[in-house]
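Take a look at the structure set out below.
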Amino acid sequence: MSVYGTASNEMINEPRIFSSVQSSDKLVKSWVVFFQANWFLLGLFAVIGFAKLNPEIGATGGVLHPESSTSIGVCIIFFCSGISIPTAELVKGVFNIRLHFSIQFFSFIIIPVLIAILSHILYYLIPDLIPQPGDASLSPEMLQTPMKMASAILLGVRIVAALPPPVSTALIITQVIEGNVSGAIFNSALGSFLGVIVTPTVLLLSVGVASDVTFSSIFLKLGSTVLLPLIVGQLARFYAYGGVQAARVPESGSYKALLRDMPFSGISKAVLLAIIYCTFCDTFARDLSVGLGDVVGLVAFVALLQLLLLAATFQSAPRVGLNRADTIPYMFVATHKSLTLGLPLINLIYARDARLSVVVLPLLAYHPLQIIIGRSPF
């Protein structure tokens, strides 16, 4: 009886064991899916933590030499962007003039003007927020006073307002919501080209920079690290796919197939995380600590700003004659801002400014929030 009883118990327990194995497999798969979908955001928090532990590695003059390697990283990012943009979709989206004008006008004119008006209202109400010429050489101790910290953060918000749209994040969201993908692709690329000229011009006229930084140096730097890699990336894509329409699939084992199959999006994000790591290493190496209250307040303000901008584009879309498909890229391309162009631009203009580590914070908050808000249901 005991033998039969034991066998019977084993048979009863087998489904339970099988069920537990299945549930554990599902749990592992769910975590894998979550990591694949959110690895960049998780990596963002990780690199900030690593930068805090040992900032000397990625600080200026450190092992990674960000003063030169950052430019190389930006070139890689925009090459990856160029080769990832479908040429056929670019051509397809050329003639939607109403959408192009609406997106670029809102991104480069409406947002900077709104933020400038808000800033000047705050300057009028709180004169201590007005940036002073001596702020560029403040010590970390002086910069951490509440008014100087708030002034530097507000300056960073004004810089974010003048940036162009990103190449990738707005496109992904437009695809998921089934909007006009060709319109999103074209305007993301157009924004990158315009941003090389428009963004520095707006910044130099509205917020000012150090006297030793010139228009020509900014345009030359951005042209060589943004425009040139973007164009080379498009040429490489043209070569890999054998033409604009990409109708012919490259043979396996060829250089064309290698270009086609490389995970350029993942490479671009990994390089961007490395640049962010170096930026935070510089911040922590200067013994500059930002209070939790400042971070929470900044995140709340940036999130509210993005929601207001999305609401403004959604409400104005019918008034400018955009249909439902065009409204999606109008909302997400026009309101999103490029971290890949913003970081090198801020580092270039404010390289010798003591406020650099604080000025960059609004952009570092804006980028992950635009991804989170863009993925959330409305």
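The values are calculated or read from the model by the stated rules, or taken from the named source; none is laboratory data. Note that the coordinates shown come from a computational prediction; the quantities given were computed from them, not determined experimentally. So basically every Cβ, Gly included, is an ideal-geometry build from the backbone, and we count neighbours across all protein chains shown.
Brief remarks on what is shown
- Hits in segment 263-294 - residues which are of a type in the set (A, V, I, L, M, F, W, C) and modelled with pLDDT of 80 or more: F264, I267, A270, V271, L272, L273, A274, I275, I276, C278, F280, C281
- Some residue of segment 90-98 being in contact with a Ser or Thr (Cβ under 7 Å, 6 or more places away or on another chain), part of a helix (DSSP H, G or I), at pLDDT below 80 and surrounded by 15 or more Cβ atoms within 10 Å (Cβ to Cβ): yes
- Summed over segment 306-331, the residues that are over 19 Å from I177 (Cβ atoms) and free of Cβ contacts under 8 Å to residues at least 60 places away in the same chain give a count of 2.
- Take the conditions (1) under 30 Å from C281 (Cα atoms); (2) out of contact with any Leu (no Cβ under 9 Å at 6 or more places or on another chain); L307 misses just one of them, which is (1).
- Flag for A334 being in a helix (DSSP H, G or I), crowded, with 18+ Cβ neighbours inside 10 Å and of a type in the set (A, V, I, L, M): yes
- Residue satisfying condition, being closer than 30 Å to I218 by Cα and in contact with a helix residue (DSSP H, G or I) (Cβ under 7 Å, 6 or more places away or on another chain), within set L310, L339: L339
- Members of segment 350-378 that are in a loop (DSSP other than H, G, I, E, B) and at pLDDT 75 or above: Y350, R355, V360
- Residue that is of a type in the set (D, E, K, R) and crowded, with 22+ Cβ neighbours inside 10 Å, where the choices are R324, R355, R319: R355
- Residue within segment 75-85 that is assigned to a loop (DSSP other than H, G, I, E, B) and more than 18 Å from the chain's Cα centre (by Cα) present: no
- Some residue of segment 300-322 being among the polar types (S, T, N, Q), at pLDDT below 90 and either within 21 Å of the chain's Cα centre (by Cα) or not in a helix (DSSP H, G or I) (or both): no
- Qualifying residue in segment 208-226 (condition: part of a helix (DSSP H, G or I), touching a helix residue (DSSP H, G or I) at 6+ places or on another chain (Cβ under 6 Å), modelled with pLDDT under 75 and among the hydroxyl-bearing types (S, T, Y)): no
- Sole residue being buried (at least 18 other Cβ atoms within 10 Å of the Cβ) and at pLDDT below 85, chosen from A51, A59: A59
- When segment 313-366 is filtered for residues that are among the small types (G, A, S) and closer than 17 Å to I97 by Cα, the ones remaining, listed by number, are S316, A317, G321, A325, A334.
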